[in-house]
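Read through the structure below, which is laid out as structure tokens, and then see the notes.
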Ligand SMILES: [Zn+2]
């Protein structure tokens, strides 16, 4: 019994469980997060999660323990009922994560079979096969994923739940370049960029996770933040390693807190578009970051450009570097 409980807890860490319920924790130290207590009403965060010991403690209500204890308290269940509840949830998480891996693998295998997909990547300035592999970029032709996954034993219900197929049973992604979005080891979502006339950007339902590939740059004292994955890709290809991407100009709480983890300078490199929405978002984000003690600088690309079009239309690394150096605090 004791061993089973430990094994069950390892399948779904406390922090991951809490995040599924939209709990937001700010990192404090190496393996601790603090946020508002889900077990009692409060306005100042006093609920601590220790990821190394996989336990919580609230200085407000004095409750503490492991995930099973948390489920008992938050759902008013017995120990045994909490175990069953955790088992169901851990199974769903494992299944979703596994099916997203399979879908991403399948899309990656398709990339070479559809010349239009590779042509699109080239048009967007992305050539390097090593980077295309590193980003795990794939192609969703549409109309074949459901058959592929159900043949491997994944249920229609699971595919629906994860959002890979629509209510009517057809593939959600159709003629789209696909980037898997990972949080730690797990794929939490897929981003699909239409190469046709359909709405350009699409995600599966649920969280986009934190900043793209944040693990790679979290220790950098200077970070370049872009809004799109194709901006990210060309900057990486041009030799800028300290880049991350927020998948849009509106950062979710996790993404914002990641930027605020430690002292650093953030170079905001959003689109310079005619309606100014990218720059307005950058100004507001710069203010919010400054209020949290993070230095923010706005990179001003030529009118009408984003980092992707800047490089596609002949811009090079030294030119981009001088734009970074020309920024004002
Ligand atoms: Zn509490």
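Any read-out appearing in this document is the output of simple, stated calculations on the displayed coordinates, not a laboratory observation. Fair warning: this is a prediction, and the values are worked out from it, not measured in the lab. Heads up, the Cβs are rebuilt from the backbone with ideal geometry, glycines too, and the neighbour counts pull from every protein chain shown.
In the elastic network of the chain, a GNM with C-alpha springs shorter than 10 Å, the most mobile of 226, 93, 167 is 167.
Inter-label distance, residue 148 to residue 105: 1.1 nm, where each label sits 7 Å from its Cα along the C-beta direction. Taking a ≥ b ≥ c as the square roots of the eigenvalues of the Cα gyration tensor, the chain is classed as oblate, since a/c reaches at least 1.5 and a/b does not exceed b/c.
What length, rounded to one decimal in nm, is gained on full extension from residue 185 through to residue 326, with 0.36 nm per residue of separation minus their alpha-carbon distance?
Numbers: separation 141, 0.36 × 141 = 50.76 nm, distance 3.73 nm.
Extending this stretch completely gives an extra 47.0 nm.
At 0.36 nm per residue, and after removing the present C-alpha to C-alpha distance, how many nm does the segment from residue 87 to residue 275 gain when stretched out fully?
That works out to 62.7 nm of additional length.
Helical content of the chain, expressed as a calculated mean residue ellipticity at 222 nm, amounts to -12000 deg cm²/dmol (DSSP H runs of 4 or more residues, -39,500 (n - 2.57) each, divided by residue number, nearest 500).
On C-alpha positions alone, give me the angle between the axis of helix 79-110 and the longest principal axis of the chain, in degrees, nearest 10. Compared with the principal axis, the helix lies near 20 degrees.
Here the range 22-82 and the range 176-243 have alpha carbon centers that stand 30 Å from each other. With semi-axes defined as the square roots of five times the eigenvalues of the C-alpha gyration tensor, the equivalent ellipsoid of the range 28-83 measures 20, 15, 7 Å, largest first.
If you take the square roots of the eigenvalues of the alpha-carbon gyration tensor of the range 128-242 and sort them as a ≥ b ≥ c, do you get rounded (a/c under 1.5), prolate (a/b over b/c) or oblate? Kindly include the intermediate steps, with their values, before the conclusion.
Values: a/c = 2.27, a/b = 1.83, b/c = 1.24.
Cα axes put the range 128-242 in the prolate bin.
Within the range 111-177, all pairs of alpha-carbon atoms sorted by distance into 10 Å bins from zero give the percentages 20, 42, 28, 10. Site pair residue 203 and residue 8 shows an inter-label distance of 3.2 nm when each label is modelled 7 Å from Cα along Cα→Cβ. Rounded to the nearest 10 degrees, the angle from helix 277-291 to the longest Cα principal axis of the chain is 50 degrees. With coordinates expressed along the principal axes, the C-alpha atoms belonging to the range 142-188 extend over 31, 24, 18 Å, beginning with the largest.
For a test of the definition: using alpha carbon positions, the gyration tensor, and the 1.5 limit on a/c, classify the range 48-114 as rounded, prolate or oblate. Provide the component values of the computation, followed by the final result.
On the way: a/c = 4.94, a/b = 2.42, b/c = 2.04.
In terms of gyration-tensor shape, prolate.
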